[in-house]
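Please read the structure below before turning to the comments.
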Amino acid sequence: MYNDEHEDVIEVTDLRRVYGGGFEAVRGITFSVARGEIFALLGTNGAGKTSTVELLEGLAAPAEGRIRVLGHDPHRERAAVRHRTGVMLQEGGFPAELTVAETARMWAGCTSGARPEAEVLELVGLTGKHGVRVKQLSGGERRRLDLALALLGGPEVLFLDEPTTGLDAEGRRDTWELVRALRDAGTTVLLTTHYLEEVEALADRLAILHKGRIAVSGTPAEVTAGRPSRMSFELPDGYFLGDLPPLADLGVCGHESDGGVVRLRTTQLQRTATGVLTWAERTGVELRGLDVRSASLEEAFLGIAHEQAQGVAA
């Protein structure tokens, strides 16, 4: 697990990336990732995630700012960094006619200190696919192969770009367990994903990018802490929102009603739920479709995107 006393193995300071024509994809971001930490980089489409990760992988030089991976500039000192990192791209692009074993053997020949191919294929659940051609693999199996090849060199830092796309629920959770085990063994993981459930399950810390800037960062709990929880229910015929106790007394900070359906937002979920349920018990009202949920990372993500968009519009 993340420990703030660990050394930072990824350091990013005032990073900017500008493409031809002057488009600024990354606009001065700063963050760090500690050894043995899973750090998730999230963002809406076009937020700058891929542009940032490519800089961290050393594929391009930043327009401005400073990057250090394992103490080195990953672009200028690529030879000192590359053999200590593993990269899982969104699409590996392997030769379709090669078998799984042949692909792993080919990749191992390009990897310093490569682990035995059979070992990494077993890690990702592809032991029974040695002789199968890549073109015959399912989408999920190809993602497993992508991950296996990223692990061949026993990387200290692992970049995972959408690692569970195409996997079924069992495969996704198996991958989560493997990533946790790598983290617990000291591997530092930088993860990008569209699955917010994945971030909640894996990430020690995260940053949400929007239009090239970090909108918020911290632990998942810190990111969701300032977001309201929600309570919704349907009132029976003859009852209306105004029949509830005063919403301010219930700790409600926002509400909507549509016919008999009531939706409440609150930063004091226990107080709100207790007040509403006590009222319902006292008046003999059945609250159909009752749903009570704490703030989620999805709500925080969507809320940040909405707020940023509103700010731009203003």
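Annotations
- Within straight-line cross-link reach of Lys211, aspartates and glutamates at Cα separation under 16 Å, skipping those fewer than 8 residues along the same chain: Asp14, Glu24, Glu307
- Among Gly48, Gly251, Gly154, the largest mean-square fluctuation in a Gaussian network model of the chain (Cα springs under 10 Å) belongs to Gly251.
- Estimated from the Cβ-Cβ distance and a Förster radius of 35 angstrom, the FRET efficiency linking Thr219 and Val18 is about 0.65.
- Rg/Rg_globular for region 220-296, with Rg_globular taken as 2.2 N^0.38 Å and Rg from C-alpha atoms: 1.08
- Centroid-to-centroid separation of region 89-166 and region 8-51 [C-alpha atoms, Å]: 26 Å
- Once C-alpha pairs closer than 8 Å and six or more residues apart are averaged by separation and normalised to the residue number of the chain, the relative contact order reads 18 percent.
- Normalising the Debye intensity of region 1-122 to I(0), with uniform scatterers on Cα atoms only, and taking log10 at q = 0.16, 0.20 Å⁻¹ returns -0.93, -1.19.
- Over region 157-216, relative contact order from alpha-carbon pairs under 8 Å, at least 6 apart, %: 37 percent
- Among Lys135, Lys49, Lys211, the largest mean-square fluctuation in a Gaussian network model of the chain, built with springs joining Cα atoms closer than 10 Å, belongs to Lys135.
- The C-alpha atoms of the chain define a longest principal axis, and helix 297-313 lies at about 90 degrees to it.
- Degrees separating the helix 269-283 axis from the principal Cα axis of the chain, which is the longest one: 40 degrees
- Net charge dipole size for region 126-172 [Lys, Arg +1 and Asp, Glu -1 on Cβ; Debye, nearest 20]: 300 debye
- Hypothetical label at Glu97: residues of region 129-154 whose amide nitrogen lies under 13 Å (7 Å Cα-Cβ projection): 134-135
- Full extension of the segment from Arg27 to His194, taken as 0.36 nm per residue of separation minus the current Cα-Cα distance, would add 58.0 nm.
- Expressed as a whole percent, the proportion of Cα-Cα pairs in region 134-217 lying more than 22 Å apart is 28%.
- Given charges at Cβ of Lys, Arg, Asp, Glu: the chain dipole, positive-most of Gln270, Val124, Ser294: Val124
- Two-site label geometry, Leu302 and Glu11: point separation in nm, points 7 Å out along Cα→Cβ: 4.0 nm
- Rounded to the nearest 20 debye, dipole of region 1-104 from Cβ charges on Lys, Arg, Asp, Glu: 260 debye
- The mean sequence distance of close C-alpha pairs (under 8 Å, at least 6 residues apart), as a share of the length of region 1-142, puts its relative contact order at 19 percent.
- Solvent-accessible area of the chain (1.4 angstrom probe, protein heavy atoms only): carbon and sulfur portion equals 48 percent.
- Taken about its Cα centre, the chain carries a charge dipole of roughly 700 debye when the Cβ of each Lys and Arg holds +1 and the Cβ of each Asp and Glu holds -1.
- For the chain, built as a Gaussian network whose Cα springs stay under 10 Å, the top-fluctuating residue of Leu147, Leu70, Leu269: Leu269
- Positive end of the dipole of region 184-314 (Cβ unit charges, origin at the Cα centre): among Ser229, Thr193, His306, the Cα lying farthest that way belongs to His306.
- If you take all other residues with their beta carbon under 14 Å from the beta carbon of Ala114, and give Lys and Arg +1 and Asp and Glu -1, the sum is +2.
The values are calculated or read from the model by the stated rules, or taken from the named source; none is laboratory data. Here the structure is a predicted model, which means the values were calculated and not measured. Cβ: placed from backbone, ideal geometry, glycine included. Neighbour counts: every protein chain shown. Accessible surface is based on the protein model in full, side chains and every heavy atom, while ligands, DNA and RNA are left aside. Shrake-Rupley method; radii C 1.70, N 1.55, O 1.52, S 1.80 Å.
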